[in-house]
Amino acid sequence: MNMIIGMLPSVLMIVAPILITAIGGMICEKSGVVNIALEGLMAIGACTAAAAHVLMEGSGMNHSLSLFLALSMGFLTGGLFSLVHAAAAINLNADQTISGTGINLLANGVTIFASQILFSSDRTREFRMGMQTDVLGIYPTAYIALVVVILSWFILYKLPFGMHLRACGEHPGAAESVGINVKRMRYWAVIASGVLAGLAGGCVVLTQTIQYTSNTINGRGFIALAAVSFGRWRPLGVAGAALLFGTAQAFSIIANNIPALRVLPTEVFNILPYVVTLAALVLFSGKNYAPAAAGTPYEKGAS
Amino acid sequence: MTTTKKRLVDNDGAVSVLVVLMGFLVGTILVALVGKNPLNMYKALFQALSGYNIDNGRMNVRYIAETLNYSVPFILCGLSMGFAKRVGLFNIGGEGQYIMGLTLAQTVALLGPQVVVLHWILAILSAIVIGALWGGVVGLLKAKYEVSEVVSTIMLNYVALYLSRIICLQLPGATTYKTANFPTTALIENRFFQTITHNSLLNNGIFMMVAAVLLFWYIMEKTSLGYGMRATGFNKDAARASGIPVVKSISISMAISGAFAGLAGGIVALGSFKYGRVLAGMDNYGFDGIAVALVGNCTALGTTLAGLLFGLLKNAQALMQGKQIPKEITFIIQGLIVIFIALRSALKLYQEYLDKRQLQKEVGVK
């Protein structure tokens, strides 16, 4: 039991960014746009936050202020790049999987390119001190994630805005007919997924490492994407899924301290979250919970 | 005027060329914006393409051979993506299928019977088979359990990466990053190529790649299997109604798709390295294959040309770095190209707008 409590802080550290990103992805799909660019948007947010923090830290700025500004910048650049996906998917009827893939490829290049220009290296310079844990040993990112989950639930299910947004993902034609601006709603949703993924990227880099490298995000965005479908497009479900993945991942670190598990290669635990997701997707298949219009462009007046 | 525009929109090849040019244009602007000389980027590209170094006037055919060698896995992974796309599936799992192919080829190379010719054939065949299985599973999950192939392939990519590490760490002479050297019977090197190209890594894999391209073309365009697959891609319900077995179509096409990526893994393992690698991360050929196929419109010829372009970009990376151009600019150009491809539908929207204007003019609406 003590061990489980001891695990909790590292589980929360790993879960928080995945959960924040997944909630963004969920909002986006609820509006009818699939965003597989989450991985790339996280990378862009992480690189921005790491670069901003190390530069501000170097200029002698107050530590907390620097962290806050770094996260905010990750948040903003994530939103900025998601506009590319929004314009392509919403205005120009582009294939959403292709434009998402394009952003993922672009993020690979842009982040390291920027590091080359700023720090003459294929990674950002190391910062001295990232985020600090509170008295319980928990990083502030866990509380940010909690707020994001509650807010998303409240907005999506308790406010007219949320209902309109969900309507755009289920039946955009019907939504339009009662005066909802489908394209504008979808823009808000894509931007929400962008800013949250950017913020989450910042959370990863400021809690789990000391610099941004091409390996920092390492599939977290894709796991978040899976958490959306595994969590059946509901805030609580998505939170549960993210918690499961995070625990599985944290296990690979913790297993090192358990003699009985040390005989297994760490890779066995690395595989765990992915196998669990696959198994879950097969087990819970059958009924399709996805928003009906997710992934299809909406053309005014068509059908 | 309208007719030339219309022709451009309808011609997929022309759109691809336009998209590539746009990618390079934006990339060039970006290089200039950060205060570097874009001309150096093009010098590097030219040297990777022709072997000719503009700065010192020297010629070295090795660069051409390396460009060709780099393009082999790009083309094969492009075929992998393209084959699935033609059936209406988005195979993001090329990377995982590639990794499994690479892993099994390495395993057979180190543990298989050291018989001349038979050894490498066995290794390459097992790479193809495991790639097909790794892809086929996705098709089965999709057809039987309606699991989105986008999500399942992404999961399988990571499963493949870690599984590969587990397997390769058990191979003879394994350290944290490499295994023992392969026996020479497992290598697919080509002495003749090595002699005429100043010891480039160009190997027999290029012949396998050409065979794969021809096979892709033949299956897609000339067989009823390919016809059924393309029909499924166009309209699943219509295909089912006309008696085409859709579930079988999906599973088989994902398996064939995976086979191409598996072959790519086998060729890279036995052609470009003399020892087995314990992968620390992904090689990204599978991911880049997505872009290759999209640029090439998922056709055999288009994918080959696009793969050569990507091979050229990859080979030029080191040359660019030597000329103070961050090599990541090539990734940026690739990403931009894919984003611009996604905007292809925008061209169609523009065409519709023009048609509407034309029609309004004809009927005299003001």
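Couple of notes before you dig in:
- Counted charge near B:I75, where neighbours are those whose Cβ lies closer than 14 Å (Asp, Glu -1; Lys, Arg +1): 0
- A Förster distance of 56 Å, applied to the separation of the beta-carbon atoms of B:E352 and B:L118, puts the FRET efficiency at 0.45.
- Inter-probe distance in nm under a simple model that places probes 7 Å from Cα toward Cβ, at B:T176 and A:I258: 2.4 nm
- Its Cα centre serving as origin, chain B has a Cβ charge dipole (Lys and Arg +1, Asp and Glu -1) of approximately 520 debye.
- Given B:K178/B:K327; A:K30/A:K300; B:K85/B:K274; B:K36/B:K314; B:K43/B:K178; B:K85/B:K361, the pairs whose alpha carbons are separated by over 29 Å: B:K85/B:K274; B:K43/B:K178; B:K85/B:K361
- Electrostatic bookkeeping for B:P326 treats Lys and Arg as +1 and Asp and Glu as -1; over the other residues with beta carbon under 9 Å from its beta carbon, the sum is 0.
- Within-11-Å neighbourhood charge of B:Y285 [Cβ basis; K, R +1; D, E -1]: -2
- Given R0 = 22 Å, the distance between the Cβ atoms of B:R240 and A:V282 translates into a calculated FRET efficiency of 0.45.
- Label-point separation in nm, A:I150 to A:S121, each point 7 Å along Cα→Cβ: 4.0 nm
- Ordering B:V115, B:N284, B:L225 by Cα displacement along the dipole of the stretch B:73-300 toward the positive end leaves B:L225 in first place; charges were set at the Cβ atoms of Lys, Arg (+1) and Asp, Glu (-1).
- Computed from Cα positions, the angle between helix A:38-58 and the longest principal axis of chain A comes to roughly 50 degrees.
- Rounded to the nearest whole angstrom, the semi-axes of the ellipsoid equivalent to chain B, taken from the Cα gyration tensor as √(5λ), stand at 36, 30, 17, largest first.
- Simple spin-label estimate for A:L136 and B:Y227 in nanometres, 7 Å along Cα-Cβ: 6.6 nm
- Ellipticity estimate at 222 nm from DSSP helix runs (n ≥ 4, -39,500 (n - 2.57)) divided over chain B, nearest 500: -25000 deg cm²/dmol
- Under a Gaussian network description of chain B, with springs only between Cα atoms under 10 Å, the residue in B:T103, B:T299, B:T197 that fluctuates furthest is B:T197.
- Two-site FRET efficiency, B:A280 against B:N37, from Cβ-Cβ distance with R₀ of 22 Å, rounded to 0.05: 0.05
- Semi-axes of the equivalent ellipsoid of the protein assembly as shown are 36, 33, 27 Å, computed as sqrt(5λ) over the eigenvalues of the C-alpha gyration tensor in descending order.
- Shape of the stretch A:1-84, Cα gyration tensor, a/c cut at 1.5: oblate
- When you restrict to C-alpha pairs under 8 Å that are six or more residues apart and normalise by the size of chain B, the relative contact order lands at 33 percent.
- Chain A - Rg (one decimal) and Dmax (whole number), Cα, Å: 19.4, 64
Laboratory data are not the source of any read-out in this text; all were calculated from the coordinates shown. The shown structure was predicted, so the numbers you read here are calculated from the model rather than taken from an experiment. Quick reminder, even Gly has a Cβ in these numbers, built from the backbone with ideal geometry, and neighbours come from all protein chains shown.
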